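Shown next, in C-alpha cells, is the structure this report addresses.
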C-alpha cells in the first residue's frame, strides 16, 4: 500500500468521539506510513501535547512548526473561525459529487451493509488503493488490532497538557491514600435523558447501587470511587462509600478515570477513551437490571458500539 494523505472532513460529536476516530486513523497511518490531517479536532487541539502548536493537527507530528503557528494569534483565530474545517468539509462533499480527479482523490464513508468498517480490512484497503488523497467522511471506521498494536504512540500523541494532567493526578492521589482499589464511575445523564428515548439514562441511586456491588467484590480490600458526571454531584448521593468527585473539566475527568483501576459507566465513548488510554478494564452497563460483575470488565480498543 503506497502512503496516502488522509484528511478527516466530518465532525463527529464531541471530545471522546473525535479523539476515538482520530486515534483509529493514527493507528492506520502508523502501520502503513500514511499522513493525516484533522481540522475537525481544532475545538480540542489546545488540550493535547500532539495537537497544540500544530495547526493542521497532523500525524505524524511535524518536525517544524507551520508559519501559521508562528505568527502570533493567527492559528487561534483560524481555529475559532473553523474556516479550515468548513473548507475541508466542502471539498470532501464536492469531490464526492463531482469526482473530476477519478480515484486519485476519494471521499469515503463506511462500507455499505456494515456496522463497523475495518480500516485494515481487505475490502477497505482495496477501495483506497488507487487514491493519493482520501477525505474521511464517516464515523464507524475502526482498526482495533492496530489501535492495540500502536497504542503507546497514540497515547503519547494524546497526552494532555500539564494543566489537565495535574488536575487528574490531584483528583486520584487522595483516593489512593485511602484505598487499595480505586474505581472510576462516569455518570452521564444530561443528554441521555432523551437519547435513544432514555435507554441509557440511569438514576444516580442506581449507580450508587452498582458501586456497592463492586465494593462487595473486594471483601479484604479498601475500595474508593472517583465519580465524574455531566451534572453536579454531591457526596451525599453515595452513602456508605468512599468517594471523590470530578474535576471542573471534562478533559481532566477523562484522564482521572484513566488513572483508576477499573471504570464503570454506561454506553459512552468518554469511558471507552479512558479505558484505552489507561489500559484499565471497563464495564458499560446498559440496563437497570444488569449486575456489575468484575468478570465482565475489559479494556476497550476503541471499537465498541
In the set 241, 214, 245, the lone residue that is touching a helix residue (DSSP H, G or I) at 6+ places or on another chain (Cβ under 8 Å), surrounded by 12 or more Cβ atoms within 10 Å (Cβ to Cβ) and under 19 Å from residue 298 (Cα atoms) is 214
Only one of these conditions is not met by residue 113: (1) part of a helix (DSSP H, G or I); (2) outside the structural domain of residue 219 (by TED's automatic domain parsing). Which number is it? (1)
So, residue 192, is that one at pLDDT below 95 and within 29 Å of residue 165 (Cα to Cα) or not? yes
In the list 223, 251, 227, which residue meets the criterion of being surrounded by 18 or more Cβ atoms within 10 Å (Cβ to Cβ), farther than 30 Å from residue 44 by Cβ and touching a strand residue (DSSP E or B) at 6+ places or on another chain (Cβ under 9 Å)? 223
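Select, from 20, 26, 37, the only residue that is closer than 19 Å to residue 147 by Cα, out of contact with any helix residue (DSSP H, G or I) (no Cβ under 6 Å at 6 or more places or on another chain) and assigned by TED's automatic domain parsing to the domain that holds residue 108.
Unique residue meeting the criteria: 37.
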Filter result for the condition that a residue is outside the structural domain of residue 180 (by TED's automatic domain parsing) and modelled with pLDDT of 95 or more, over 277, 301, 262: 301
Could you list, in sequence order, all residues of region 171-201 that are part of a helix (DSSP H, G or I), out of contact with any helix residue (DSSP H, G or I) (no Cβ under 8 Å at 6 or more places or on another chain) and either outside the structural domain of residue 241 (by TED's automatic domain parsing) or free of Cβ contacts under 8 Å to residues at least 60 places away in the same chain (or both)? 173, 176, 177, 191, 193, 195, 196, 197
Given the structure, is residue 155 under 24 Å from residue 300 (Cβ atoms), in contact (Cβ under 8 Å) with a residue 12 or more places away in the chain and not in a strand (DSSP E or B)? yes
Within region 12-52, can you find the residues that are surrounded by fewer than 19 Cβ atoms within 10 Å (Cβ to Cβ) and within 20 Å of residue 268 (Cα to Cα)? 12, 13, 14, 15, 17, 43
Scan region 62-92 for residues that are in contact (Cβ under 8 Å) with a residue 60 or more places away in the chain and out of contact with any helix residue (DSSP H, G or I) (no Cβ under 7 Å at 6 or more places or on another chain) and report the count. 3
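The values are calculated or read from the model by the stated rules, or taken from the named source; none is laboratory data. What you see is a predicted model; the values in this text were computed from it and never measured. Glycine gets a Cβ as well: all are built from the backbone with ideal geometry, and neighbour counts include every protein chain shown.
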